[in-house]
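Peer 1: One structure, pasted below without further comment.
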Amino acid sequence: MRKLSLRWRLTLAMTLLSACACLTMAVVSNHYAQVQMTDLADFSIEAADIMQNGELEIEIDPGLEDALNSRVHAQLRSLNRWIYLSSLLVICATAAGTYVLAGRILSPLRRFILQMDQVQAQNLSEPLQIPVSQDEIAQLTHTFNRMQQRLKASFDSQKQFASNAAHELRTPLAVLQTGLELLLKEPNAPREELLRKITDAHAQTERLSHLVSELLEMTRLDTIERKELIPLHAMLEELCCDLYCTAEEHQVSLRLTGGDAVVSANDTLLYRAFSNLIENAIKYNRPGGSVTVDIAPAEQSVSVTVTDTGVGIPPESAVLVFEPFYRVDPSHSRPGSGLGLALTKKILTLHNGTVEISKSTPAGTTVTVTLRAPASFPQKSRILLSNRGQTHG
């Protein structure tokens, strides 16, 4: 059975309410009229008796009482017919009026439904027309337009992400395919040539494996618990120790300074986010340069700054570096998949944190991470590692 439309449901509801009101008024009116007419008839008969037994000599017909009662009941029946007929007319008028008014009131909603039916992924940029009524339907249309804008931004981001991922995957696959084809064409090539081609193929497979692992990691972040209480100083101290060899290899000193704070997060994810930032600061630095990690606790939050002495980031790239697959060097001559900083931003966003390039000049870059901190600890200052392998308290 087909469900009734909202227009018909409003009409039936108003009709039912009107019928209940009219029937109640009819019953009350009928009872009140019956009581009043009966009292009037009784009063008339009593008055006739008084006049007949008094000093006035008035001759009263003995059938007057029966005639009067009959007349009263006839008037009551007539009054009842008029009451119920009027109630029926009011109910019908209410039903018809409600049906017409509901149609006019709901007409913007019908137009809204028709417009929504025409929305496709290709025309998300076209907003729906907002009614001039400024009522709930206008608010609903305005809310739908905002949701449509968010959907368009999400679709565009996914489309760009898929395009970039395909581009990143295509390059190593093309290199692998070319190398394998050369191996098939020259099966008797010198051993050194074969080893070189196999080494190149191995490097490309490692690049593909790393890229796929990071893509999978980005899709699984939302399902990971983030409720551990993590002392930032201890975690960053461990991270700096783990990156000691990398810093030594690039001839860069690494320092951890500032205070301490506890944050509610996932230890593995937060470690990965800071690891990406600090490792980038080391790899894209100058020989003999430095990287300083500073913890600045506040009352309700904590800021961690990673400052390097590298070549800096152009102003137009300060925001784009956190987008997937974006590279400051478009030639892709530097290592990496272009997902590290994007992964860092997503991890910090999941932890209600922020990350931004707060300063960047040809003399170096400062990246600031802000997290909510439920507790703070006394200030500490510690130079952890240098490119000479020294640790200072």
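Peer 1: Quick one: which of 183-193, 202-212, 346-356 comes out on top by average Cβ neighbours within 10 Å, and what's the full order, highest first?
Peer 2: 346-356, 202-212, 183-193
Peer 1: Would you work out which of Ala153, His142, Gly179 lies farthest towards the positive end of the dipole of the range 83-195? Charges go on Cβ: Lys and Arg +1, Asp and Glu -1.
Peer 2: Sorting the options by dipole projection puts first His142.
Peer 1: Anything over 27 Å Cα to Cα? Flag those among Lys227/Lys283; Lys159/Lys185; Lys159/Lys346; Lys152/Lys283; Lys159/Lys283, in the order listed.
Peer 2: Check vs 27 Å cut-off fails for Lys227/Lys283; Lys159/Lys185; Lys152/Lys283; Lys159/Lys283.
Peer 1: Taking amide H atoms as placed 1.01 Å from N in the peptide plane, list the residues 5 or more away in sequence, or in a different chain, whose amide H sits under 5 Å from that of Val263.
Peer 2: Under 5 Å from the amide H of Val263 lie the amide H atoms of Ile230, Leu232, each far enough along the sequence or on another chain.
Peer 1: Here is a further query. In whole Hz, what ³J(HN,Hα) sequence does the range 264-273 give by Karplus (6.51, -1.76, 1.60; θ = phi - 60°), x for Gly and Pro?
Peer 2: Karplus-based 3J(HN,Hα) across the range 264-273 equals 8, 7, 9, 4, 5, 5, 5, 4, 5, 4 Hz.
Peer 1: Just report the Cα centroid separation between the range 237-293 and the range 90-141, whole Å.
Peer 2: 57
Peer 1: Leaving ligands and nucleic acids out of the surface, order Asp156, Asp294 by accessible area at 1.4 Å, largest first.
Peer 2: Asp156, Asp294
The values are calculated or read from the model by the stated rules, or taken from the named source; none is laboratory data. Owing to the predicted nature of the structure, the values given are computational and were not obtained by experimental measurement. Note: ideal-geometry Cβ built from the backbone for every residue, glycine included; neighbour counts use all protein chains shown. Note: areas computed on protein heavy atoms with side chains; ligands, DNA, RNA excluded. Shrake-Rupley method; radii C 1.70, N 1.55, O 1.52, S 1.80 Å.
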